[in-house]
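The values are calculated or read from the model by the stated rules, or taken from the named source; none is laboratory data. Quantities reported herein were computed from a predicted structural model and do not represent experimental measurements. Here the Cβ is made from the backbone with ideal geometry for all residues, glycine too, and neighbour counts use every protein chain on show.
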Amino acid sequence: MGRNFLLPFCLSGRYLRLKFSVLFLGIIFGGALLLSSCGSRTDNDTATKEKEILANDVAELTADQAKMAGIEMGSVEMRTLSNLIKINGVISTPPQNIATISAPLGGFIKSTSLLQGSPVKRNQVLAMIENPEFIELQQSFLESRSQLEYIEADYNRQKDLNKEKISSVKSFQQITAEYKQLKTKVSALTQKLALIGIDPAKISENKIMRAIPVLSPIDGYVKQVNVNIGKYVAPTDVLFEIVNTSHLTVELTVFEKDIHEISIGQQLRFGLSDEGKDQYQAKIYQVGKILNTDKTVKVYGSITNPSARLIPGIYVTANVETTDNMVTALPSEAIVQYDGKDYVFIYDRVKTENGKQVTEYKMVQVKRGVTDNGYSEVILPVNFDKKKSKVVIKGAYTILTGNKNAGDMSC
């Protein structure tokens, strides 16, 4: 009976010892596997870090990655590029095409029918203006003219008598002075009437004008209206401003650092801010010779393709084309910028890594020059081989982004 009792116990003890042995072996094997795995990750981590150190100036792409990035290769070219200077400006009108209209003697506005933007023709009546001085001026002119006719007749008579030695020299001198004085007065009154718009030949004792017309001196559009019926205007007040838009110019503000690049005869392209493209052309006809207080110079260009959208005062952005130069150039998208410097990627080599072919691209620092029509001048290092070097002309920014965003791996 005792044997039967001990047998299960012994069997149970052997079972426990067996179970402990298996568990111990499992722990040892698992620890070895963990150490092996960690050691492997440490080796991979070291290798990765070494690889990322190279990635500071070398980027690697597999064939699939290059295809997805749209990588295209090309070579440095010699191209003729125009240096474009960006300048801001406005559409303006030459002074001879702007008329500021006032009333020389002032007066009250009797009538007007113009609004801002109304088209007008040369010598068109803009308004009628009344002033008692107009009547007094015409009265003085008519009286002086009548007196002149009488004095002139007396002068001619005294002149004949003086030749015959019938009248005294003193009498002739006196009538001569009166004649010249009155003649001067009539001439001055004639000019005053013409100045306010009255034709002396059209007035008489029975025809005196109380209101005179204000005429437009040029063709154009009414830019400004400052009058209304019944308003009194002084001689210094501006009644209307007329602008002729048939010969518009583009007025540019050029900074001191760029003025040496600008000359008469250069072509420029400009556009309006809401159009987003340069669709108008102009030719520079005048360059200012005085530097303003803000270190700028005014430059003027005549517009060669005017449009109804171009109105005085509207802001524009212009590109002035300077002298063409033959330079080493690449498509602008081939040049990338990092940390304030310009770079290009060139083909370095193809290697095998984990059974796959990997292409290495080397990052080369350059300097960007003028840009024109999608191409940029590129100033290359001294030892750069333009004939043999293959440059990434598309997808360069994708390589740069992947290269600089690569992170460290850890265990």
If I go through the range 150-196 residue by residue, how many of them are free of Cβ contacts under 8 Å to residues at least 12 places away in the same chain and in a helix (DSSP H, G or I)?
20
Select from the range 173-199 the residues that are buried (at least 17 other Cβ atoms within 10 Å of the Cβ) and over 29 Å from Asn123 (Cα atoms) and write down the one among them that is modelled with the lowest pLDDT.
Ile175
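If you take the residues of the range 204-234 that are assigned to a strand (DSSP E or B) and among the basic types (Lys, Arg), which of them is nearest to the chain's Cα centre (by Cα)?
The residue in question is Lys223.
Residue by residue, here is whether (1) modelled with pLDDT under 90; (2) buried (at least 17 other Cβ atoms within 10 Å of the Cβ) holds:
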| site | (1), (2) |
| --- | --- |
| Thr296 | no, yes |
| Ile311 | yes, no |
| Val320 | yes, yes |
| Met326 | yes, no |
| Lys356 | yes, no |
| Val366 | no, yes |
| Asn373 | yes, no |
| Lys394 | no, no |
For Asn162, which of the numbered conditions (1) surrounded by 19 or more Cβ atoms within 10 Å (Cβ to Cβ); (2) out of contact with any strand residue (DSSP E or B) (no Cβ under 6 Å at 6 or more places or on another chain); (3) not acidic (Asp, Glu) fails to hold?
(1)
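Quick one: which of Gly220, Gly230 is under 30 Å from Gly117 (Cβ atoms), surrounded by fewer than 16 Cβ atoms within 10 Å (Cβ to Cβ) and of a type outside the set (A, V, I, L, M, F, W, C)?
Gly230
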With the checklist (1) touching a residue at least 40 places away in the same chain (Cβ under 8 Å); (2) over 30 Å from Ser144 (Cβ atoms); (3) not in a loop (DSSP other than H, G, I, E, B) in hand, flag the one item Lys257 doesn't pass.
(1)
So, first residue under 23 Å from Asn83 (Cα atoms) in the range 369-391, second residue at pLDDT 90 or above and assigned to a loop (DSSP other than H, G, I, E, B), Cβ within less than 6 Å, six or more apart or across chains; the pairs are Ser376/Ile335; Lys386/Val76
Of the residues Ile264, Ile284, which single one is without any contact (Cβ under 8 Å) to a residue 40 or more places away in the chain, of a type in the set (A, V, I, L, M, F, W, C) and closer than 15 Å to Ser92 by Cα?
Ile284
I'd like to check something: does the range 328-344 contain any residue that is under 30 Å from Thr401 (Cα atoms), surrounded by fewer than 18 Cβ atoms within 10 Å (Cβ to Cβ) and of a type in the set (Lys, Arg)?
yes
Looking across the range 44-69 at residues that are of a type in the set (S, T, N, Q) and over 42 Å from the mean Cα position of the chain (by Cα), the single one that is modelled with the highest pLDDT is Thr62
Could you say which residue among Ile346, Ile284, Ile290 is of a type in the set (Val, Ile, Thr) and in a loop (DSSP other than H, G, I, E, B)?
Ile290
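Each row is one residue, and each column tells you yes or no for (1) part of a strand (DSSP E or B); (2) over 34 Å from the mean Cα position of the chain (by Cα); (3) of a type in the set (Gly, Ala, Ser).
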site: Val364; (1), (2), (3): yes, yes, no
site: Glu377; (1), (2), (3): yes, no, no
site: Pro381; (1), (2), (3): no, yes, no
site: Leu400; (1), (2), (3): no, no, no
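For residues that are closer than 23 Å to Phe240 by Cα, of a type in the set (S, T, N, Q) and over 31 Å from the mean Cα position of the chain (by Cα), tally how many sit in the range 72-123.
Selection size over the range 72-123: 5.
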